[in-house]
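Report on one structure; see the data block that follows.
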Amino acid sequence: MSRIDAPGPKAGPQRHGRLRAYVRVRAGGLPGAFWVLWGGSLVNRLGSMVNPFLSLYLTGVRGVSIGDTGLVLAVVGIGSVISQPLGGFLADRFGRRTALTCGMLANGATLLTLGHARSLTVLVLACFVLGITIDLFRPAAQALVADAVPAADRTRAYGLLLWAVNLGFSVAMVLGGYLASHGYQLLFWLDAGACTFFGVLVWLAIPETRPAARERTAGSYRTVVRDRTMLAFAGIIVLYAIVFQQAFATLPLAMKDTTLSSSAYGIVMGVNGIVVIAMQPLIGHRLADFDKSRVLATGFAIAACGNAVAAAASAAAVYGLAVAVSTLGEILVFAVTAAVVADLAPAHLRGRYNGLIGMAWGTGFLIAPIAGTRLLVIGSTTLWLSCAALSLVAALCQLSLAPALRRRAAG
């Protein structure tokens, strides 16, 4: 007589086997240095609570007007324009590990200074230095991945980094929104502590990956700016960055105009991380099979749809839907952008190439609060529809650049 539970002993091993296969396809084969960077990025993002709430801090705690807040945030953008080119130079000149660690420690010190600033002059100066230090580490981190991870796995690796960043971001936004409603000082201390942890972890656990001196050839930012394909790609990223940054520069102000609280903004932005956490493992490992320009253009078009939804929003649920749609585009854009730069950059100039693309992001972040706050004064519908149109322009430009990128990747 057969037992009805006879298949039972096989079920557990089968489930474990499927789980191992699932994890291996998405995360297997990547070097230890990458996973240290992954873990440090997760912790750093768990503490990244200041920047998303900076506009609310300036207006609500320091009494800065909306117009002046836009200008102060633009000062952060000016610093951001400097930040990544400087970080790229440091990564190529002194090494990935040194640039990343020093950038994180400098950012932590700046956050504490900003959190204790009282006068408008000190606030502006601290925000400028914050802009310089906030992404000083990023070219080194991107170059480290390109150094350590084989080309075939880079899109997957950058996608996994995005997943870690957004896992931390989703928690940080919800917790940050709660803490902000009870005071902002703890946000500054937690953010500074996370920066310090990340910097020290990299210094202790990741060996230097920069090519040895004998393998490096002459090159500078002049070499980078003579690369017309890279410059065109950077210009497209500027367009998308202007749109992307509105989530931090103007979305909290738009939600405040509809009587929604900082906690509501934190929850809405937490949707961003939830969507990335849910969707990136499903699609991230498949992106390498598709043409990078088409993936990017699709991401830009999806971002346009998200901003169109925001144009009709007045309730937190609709804002959450807009963020969810835009995040689907973000997954595609962020996973593929770094891989495109890795295709274009010579190994010994990876820091500088990533510095240039970082400068493109910084330029967009500089323009975003100035343009966004002025469009918001006209009306939130005008703001979000303008963002949708700009995203579509970026998609069309990316498709035009696609043949040149394919030739470089093949070469």
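The values are calculated or read from the model by the stated rules, or taken from the named source; none is laboratory data. A quick note: this is a predicted structure, and the numbers were derived from the prediction, not measured. Heads up, the Cβs are rebuilt from the backbone with ideal geometry, glycines too, and the neighbour counts pull from every protein chain shown. What goes into the accessible areas is simple: the full protein's heavy atoms, side chains included, and nothing from ligands, DNA or RNA. Shrake-Rupley method; radii C 1.70, N 1.55, O 1.52, S 1.80 Å.
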- Mind checking whether some residue in the range 49-56 is in the same structural domain as residue 189 (by the TED database), in contact with a Gly (Cβ under 9 Å, 6 or more places away or on another chain), open to solvent by less than 10 Å² (accessible area, probe 1.4 Å) and part of a loop (DSSP other than H, G, I, E, B)? yes
- Query: Given the residues 153, 135, 68, 147, which is the only one that is charged (D, E, K, R) and more than 30 Å from residue 210 (Cα to Cα)?
  - Reply: 68
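One line per residue, one yes/no per condition, for (1) crowded, with 24+ Cβ neighbours inside 10 Å; (2) of a type in the set (A, V, I, L, M, F, W, C):
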site: 310; (1), (2): yes, yes
site: 340; (1), (2): yes, yes
site: 354; (1), (2): yes, no
site: 368; (1), (2): yes, yes
site: 371; (1), (2): no, yes
site: 377; (1), (2): no, yes
site: 380; (1), (2): no, no
site: 403; (1), (2): no, no
- Message: For the range 43-68, give me each residue that is of a type in the set (Gly, Ala, Ser) and over 13 Å from residue 188 (Cα atoms).
- Response: 55, 60, 63, 65, 67
- Message: Which numbered condition in (1) of a type in the set (Gly, Ala, Ser); (2) more than 20 Å from residue 176 (Cα to Cα); (3) in a helix (DSSP H, G or I); (4) touching a residue at least 24 places away in the same chain (Cβ under 8 Å) is the only one that residue 278 fails?
- Response: (4)
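In the range 182-207, what residues are β-branched (Val, Ile, Thr) and within 14 Å of residue 114 (Cβ to Cβ)?
To start, the set of residues in the range 182-207 that are β-branched (Val, Ile, Thr) comprises 196, 200, 202, 206.
Residues satisfying the conditions do not exist here.
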- Task: Among what's in the range 243-264 and is open to solvent by less than 10 Å² (accessible area, probe 1.4 Å) and in contact with a Gly (Cβ under 6 Å, 6 or more places away or on another chain), pick the residue that is modelled with the highest pLDDT.
- Result: 246
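Just to check your reading of the model, which residue among 204, 282 is closer than 30 Å to residue 31 by Cβ, assigned by the TED database to the domain that holds residue 66 and open to solvent by 30 Å² or more (accessible area, probe 1.4 Å)? I'd like the intermediate steps shown before the answer.
Numbers: 282 fails: assigned by the TED database to the domain that holds residue 66.
The conditions single out 204.
From 43, 36, which residue is over 25 Å from residue 341 (Cα atoms), assigned to a helix (DSSP H, G or I), aliphatic (A, V, I, L, M) and open to solvent by 20 Å² or more (accessible area, probe 1.4 Å)? Don't jump to the end; show me each part of the working.
Values: 36 fails: over 25 Å from residue 341 (Cα atoms).
Answer to the check: 43.
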- hydroxyl-bearing (Ser, Thr, Tyr), surrounded by fewer than 24 Cβ atoms within 10 Å (Cβ to Cβ) and within 22 Å of residue 161 (Cβ to Cβ): does that describe residue 298? yes
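Mind checking which residues of the range 225-253 are more than 22 Å from the chain's Cα centre (by Cα) and among the aliphatic types (A, V, I, L, M)? Talk me through it step by step, then tell me what you get.
First, the residues of the range 225-253 that are more than 22 Å from the chain's Cα centre (by Cα): 225-229.
Passing the criteria: only 225.
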- Query: Just one of the numbered conditions (1) over 20 Å from residue 382 (Cβ atoms); (2) open to solvent by 10 Å² or more (accessible area, probe 1.4 Å) is not true of residue 268; which one?
  - Reply: (2)
- Message: Let me spell it out: the conditions are (1) open to solvent by 70 Å² or more (accessible area, probe 1.4 Å); (2) in contact with a Phe, Trp or Tyr (Cβ under 9 Å, 6 or more places away or on another chain), and residue 173 meets all of them except one. Which number is the exception?
- Response: (1)
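So which residues in the range 323-338 are in contact (Cβ under 8 Å) with a residue 24 or more places away in the chain and either open to solvent by 30 Å² or more (accessible area, probe 1.4 Å) or within 22 Å of residue 265 (Cα to Cα) (or both), if there are any at all?
Correct list: 323, 324, 326, 327, 328, 329, 330, 331, 334.
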